[in-house]
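The values are calculated or read from the model by the stated rules, or taken from the named source; none is laboratory data. This is a predicted model, so every value here is computed, not measured. In this analysis, Cβ positions are derived from the backbone assuming ideal geometry, glycine residues included, and neighbour counts consider all displayed protein chains. Surface areas here come from the heavy atoms of the whole protein model, side chains and all, with no ligands, DNA or RNA. Shrake-Rupley method; radii C 1.70, N 1.55, O 1.52, S 1.80 Å.
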Amino acid sequence: QVQLVESGGGLVQAGGSLRLSCAASGRTFSSVAMGWFRQAPGKEREFVAGSSRSGSTTYYSDSVKGRFTISRDNAKNTVYLQMNSLKPEDTAVYYCAADISVQAMVLNLSARYWGQGTQVTVSS
C-alpha cells in the first residue's frame, strides 16, 4: 500500500506559477513510479506528467510539455510538479498517483494508488 498526500494547490493568475507536492508513505518510495493527473469539471481525467522510479525518465502530456516539470526527491519520499506559465485551461483538481511503472500510467491513463487531490484554479 502507498498513501499519498498532495499539497500546494490554490488560486493563481494566468501566467503565474505553482508547485504541487505529494508526500508518499507506506512503501519504499524508490520502488514506485509517480505521476500527476488532473480532472476538470465535466471532463475526463487526464494524465499530466510521470516520473520513473529513479526520476531519470519523465513523461508529459502535450498540453503541459515545456511548462510543467515533474521531479522527485527519493530521500524525502516526495514528488513535485512545478507548473509555470499557467493558463485558465489548467484549472482542475490535480491528483498524485503511484504505480509499478510510469509506462503503465501513461498507457492505462490510470494508477494503482491515488491521493485525495488538490484544487488548482487559474484566473484569466
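Can you tell me which residue in the range 50-88 is farthest from M105 (Cα to Cα), limited to those that are aliphatic (A, V, I, L, M) and part of a strand (DSSP E or B)? Full working, then the answer.
Restricting attention to the range 50-88, the residues satisfying the condition of being aliphatic (A, V, I, L, M) are 64, 70, 75, 79, 81, 83, 86.
Keeping just the survivors that are part of a strand (DSSP E or B) gives 70, 79, 81, 83.
Working: I70: 14, V79: 15, L81: 16, M83: 20 Å.
Here the residue is M83.
Against the definition (surrounded by fewer than 19 Cβ atoms within 10 Å (Cβ to Cβ), under 14 Å from N74 (Cβ atoms) and β-branched (V, I, T)), how does T58 come out, yes or no?
Values: surrounded by fewer than 19 Cβ atoms within 10 Å (Cβ to Cβ): yes; under 14 Å from N74 (Cβ atoms): no; β-branched (V, I, T): yes.
No: the conditions fail for T58.
Look at the range 70-116 and say how many of its residues are modelled with pLDDT of 95 or more, open to solvent by less than 50 Å² (accessible area, probe 1.4 Å) and either touching a His at 6+ places or on another chain (Cβ under 7 Å) or over 19 Å from S30 (Cβ atoms) (or both).
Summing the residues that are modelled with pLDDT of 95 or more, open to solvent by less than 50 Å² (accessible area, probe 1.4 Å) and either touching a His at 6+ places or on another chain (Cβ under 7 Å) or over 19 Å from S30 (Cβ atoms) (or both) in the range 70-116 gives 7.
When you check R67 against the structure, is it open to solvent by less than 20 Å² (accessible area, probe 1.4 Å), modelled with pLDDT of 95 or more and of a type in the set (K, R), yes or no? Outline the logic, then answer.
Working: open to solvent by less than 20 Å² (accessible area, probe 1.4 Å): no; modelled with pLDDT of 95 or more: yes; of a type in the set (K, R): yes.
So R67 fails the test.
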